[in-house]
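Only one structure is covered here, and it is reproduced in the block below.
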Amino acid sequence: MSKRTVSVTLPHRQPEELLRLAQRIMEKSATNEEVSPIAQSDLAELELLATEAETNRTRSIHLREESEKDMQAARIALGIEKGQTASNPNTLTYLVSKMRDVLLAHYRGKEEQLSEYGFKVVTNSFSPKGRSIKIVKE
């Protein structure tokens, strides 16, 4: 005689599949209320949790779409959206780049002072032996 094994799996980390399974369990139990081995209290809790999960998932998906739109608008305003460069006007990157250039002209020879404005200033110096010395000032 052969040995028989049975495995009944749950849709792990598959919310849509898990919600469909819960729905099928509720439907099947509703058609056979008298003979269903599942307690009515468990079915009531299953329905409550499935409704809560579905409501929250729907809301979350909507908020994610809104969030992605807002993030894209922020990236465009920052000037860091794909295809944008520091030369795109009306962006934060453009204005900061322009201001950096003005400050560089104003502080010519004293560029380290741009760190007072929050810029990261990297200065390379060469020793008499030709070795490079890197100084970072923030």
Practice problem: Among residues belonging to the stretch 19-39 that are surrounded by fewer than 11 Cβ atoms within 10 Å (Cβ to Cβ) and under 40 Å from the mean Cα position of the chain (by Cα), point out the one that is farthest from T9 (Cα to Cα). | Solution: E27
Quiz item: Which one of the conditions (1) under 30 Å from K134 (Cα atoms); (2) hydrophobic (A, V, I, L, M, F, W, C); (3) surrounded by 12 or more Cβ atoms within 10 Å (Cβ to Cβ) does A77 fail to meet, given that it meets all the rest?
Solution: (1)
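For E52, are the conditions met, namely being within 30 Å of Q23 (Cα to Cα), surrounded by fewer than 14 Cβ atoms within 10 Å (Cβ to Cβ) and out of contact with any strand residue (DSSP E or B) (no Cβ under 6 Å at 6 or more places or on another chain)?
Spelling it out, E52 is indeed within 30 Å of Q23 (Cα to Cα), surrounded by fewer than 14 Cβ atoms within 10 Å (Cβ to Cβ) and out of contact with any strand residue (DSSP E or B) (no Cβ under 6 Å at 6 or more places or on another chain).
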Quiz item: Would you pick out the residues in the stretch 72-94 that are among the aliphatic types (A, V, I, L, M) and modelled with pLDDT under 95?
Solution: A86
Quiz item: Among all residue pairs at least 6 apart or on different chains, which show Cβ distances below 7 Å where the first residue, located in the stretch 2-27, is without any contact (Cβ under 8 Å) to a residue 40 or more places away in the chain and the second is acidic (D, E) and not in a loop (DSSP other than H, G, I, E, B)?
Solution: P11/E17; L19/E54; M26/E47
Practice problem: Mind listing whichever residues of the stretch 82-111 are farther than 25 Å from V121 by Cα and either in contact with a helix residue (DSSP H, G or I) (Cβ under 6 Å, 6 or more places away or on another chain) or among the aliphatic types (A, V, I, L, M) (or both)? | Solution: none
Exercise. Identify all residues within the stretch 116-138 that are within 29 Å of I76 (Cβ to Cβ) and outside any strand (DSSP E or B); write none if there are none.
Key: Y117, G118, F119, K120, E138
Quiz item: Does R64 qualify as being closer than 30 Å to P15 by Cβ and surrounded by 13 or more Cβ atoms within 10 Å (Cβ to Cβ)?
Solution: no
Practice problem: Hey, can you tell me all the residues within the stretch 48-107 that are among the basic types (K, R) and free of Cβ contacts under 8 Å to residues at least 12 places away in the same chain? | Solution: R59, R64, K69, R75, K82, K98
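The values are calculated or read from the model by the stated rules, or taken from the named source; none is laboratory data. Since the structure is predicted, the reported quantities are computational estimates derived from the model, not experimental observations. Heads up, the Cβs are rebuilt from the backbone with ideal geometry, glycines too, and the neighbour counts pull from every protein chain shown.
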